[in-house]
Amino acid sequence: MFDNSTQARAERLHRFETGAGFLAALDQSGGSTPQALSAYGIGPDDYADEAEMFELIHAARSRVIASRAFTGDRILGAILFGGTLDRRVEGLDVVDHLWNAKGVLTFLKIDVGLDEVRDGVRPMREIPGLDATLADAAARGVFGTKERSFILAADPVGIETAVTQQIRIAEHVLAAGLVPILEPEIDISAPDKTEAEEQLKEALLRGLDRLSVPGRVAVKVTLPTIDGFYADLMAHPRVARVAALSGGYRRDDANARLSRNPGMIASFSRALLDGLGAKQTDEEFDATLDASIASIHRASIA
């Protein structure tokens, strides 16, 4: 059973705010699953329909979570796709397994994809049944959420719109007793990425100042162009952690950039799973994952 008492929740919050480690992004959903499976060595000819596709990606995720390399001394939290909550790992409910067997906090991806480009950004689509989803997640013992929007260019109107939407959803999440991860990702190929980062940071600081619900949030941002750029965001009293997404940078490059930003922790997906394959033996799989986790953990505590 999952302990969801007030004391247990406080202990998990303390772990998140102060613990060493990084976030493993295992939240590939419908649109990104074929690409993730292909990188794992499973092509579209290996499954007949969407149901089989999701069975295969869950098997891959389960192999990661069950690995001897995947433990709470280096993994602070795991971000999961909604469908994963109804599945099991090694015979256990996935949230219970992650916390009770591994010491890893659970975050739920709650966005349902991106809207069309407006003013240089792709905001989130409206999330149907948001409050019901949050209540169910809290009842299952989920610790927090993640919600992603995507910034393609430095446009102050678009960036303000994206951040305002992130703050509004974060207030719903906090009211449900969960910790939101705001994720306004900036495209690493944006020609004006540095300017977009400046606009984003200022918009985030303004948004955090007007949060109307008690509690602290996390923020997940693209690795910045300027080292140490998000130090003042980390110092904001409403911010529990600031995490960095790899955004398409290869693992060695992402780790090097992260290590130059003290206080930030990784929240990697592709950079974490790179090199893993369906045909690897358990020994090969665990060794590859262990090396990946070790390198990202070092960069997160540098």
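The values are calculated or read from the model by the stated rules, or taken from the named source; none is laboratory data. Just so we're clear, the structure is a prediction, and the values are computed from it rather than from any experiment. Note: ideal-geometry Cβ built from the backbone for every residue, glycine included; neighbour counts use all protein chains shown. These area figures cover heavy atoms from the full protein model, side chains too; ligands, DNA and RNA do not enter into them. Shrake-Rupley method; radii C 1.70, N 1.55, O 1.52, S 1.80 Å.
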- Query: How about residue 109: which lysines have a C-alpha closer than 17 Å to its C-alpha, ignoring those fewer than 8 places off in the same chain?
  - Reply: 146, 220
- Task: Find the eigenvalues of the gyration tensor of the Cα atoms of the chain, then list the square roots of 5 times those eigenvalues as equivalent ellipsoid semi-axes, largest first, in whole angstrom.
- Result: 27, 22, 20
- Task: Post the alpha-carbon centroid distance, the stretch 170-215 to the stretch 68-102, in whole angstrom.
- Result: 26 Å
- Over the stretch 207-302, with neighbouring protein chains present, the accessible area per residue in Å² at probe 1.4 Å is 41 Å²
- the stretch 1-84 - charge dipole about Cα centre, Lys and Arg +1 at Cβ, Asp and Glu -1, debye rounded to 20: 520 debye
- Message: If you scale each eigenvalue of the Cα gyration tensor by 5 and take the root, what three semi-axes come out for the stretch 164-302, rounded to whole angstrom and sorted largest first?
- Response: 29, 18, 13
- Message: Less than 18 Å from a label point 7 Å out along the Cα-to-Cβ axis of residue 234: which backbone N atoms in the stretch 258-302 qualify, by residue?
- Response: 258-268, 296-302
- Hey, for a label at residue 290 modelled as a point 7 Å past Cα toward Cβ, could you say which residues of the stretch 25-67 have their backbone N under 19 Å away? 63-67
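Ignoring ligands, DNA and RNA, what percent of the 1.4 Å accessible area of the chain is carbon and sulfur?
52 percent
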- Message: Probe of 1.4 angstrom, ligands and nucleic acids ignored: what's the accessible area per residue over the stretch 1-120, in square angstrom?
- Response: 45 Å²
- Task: Give the percent of DSSP beta bridges with both residues in the chain that are antiparallel, rounded to the nearest 5.
- Result: 15 percent
- Among 159, 42, 78, the residue whose Cα sits farthest towards the positive end of the charge dipole of the chain, when +1 is placed on the Cβ of each Lys and Arg and -1 on the Cβ of each Asp and Glu, is 78
- Note on the structure: The equivalent-ellipsoid semi-axes of the stretch 146-198, taken as the square roots of five times the Cα gyration tensor eigenvalues and listed largest first in whole Å, are 24, 11, 7
- Item | GNM result for the chain, Cα springs below 10 Å: residue of 210, 241, 260 fluctuating most strongly | 210
- Order 47, 230, most accessible first, counting only protein heavy atoms with a 1.4 angstrom probe. 47, 230
- Task: Using +1 at the Cβ of each Lys and Arg and -1 at the Cβ of each Asp and Glu in the chain, identify which of 285, 128, 239 lies farthest towards the dipole's positive end.
- Result: 239
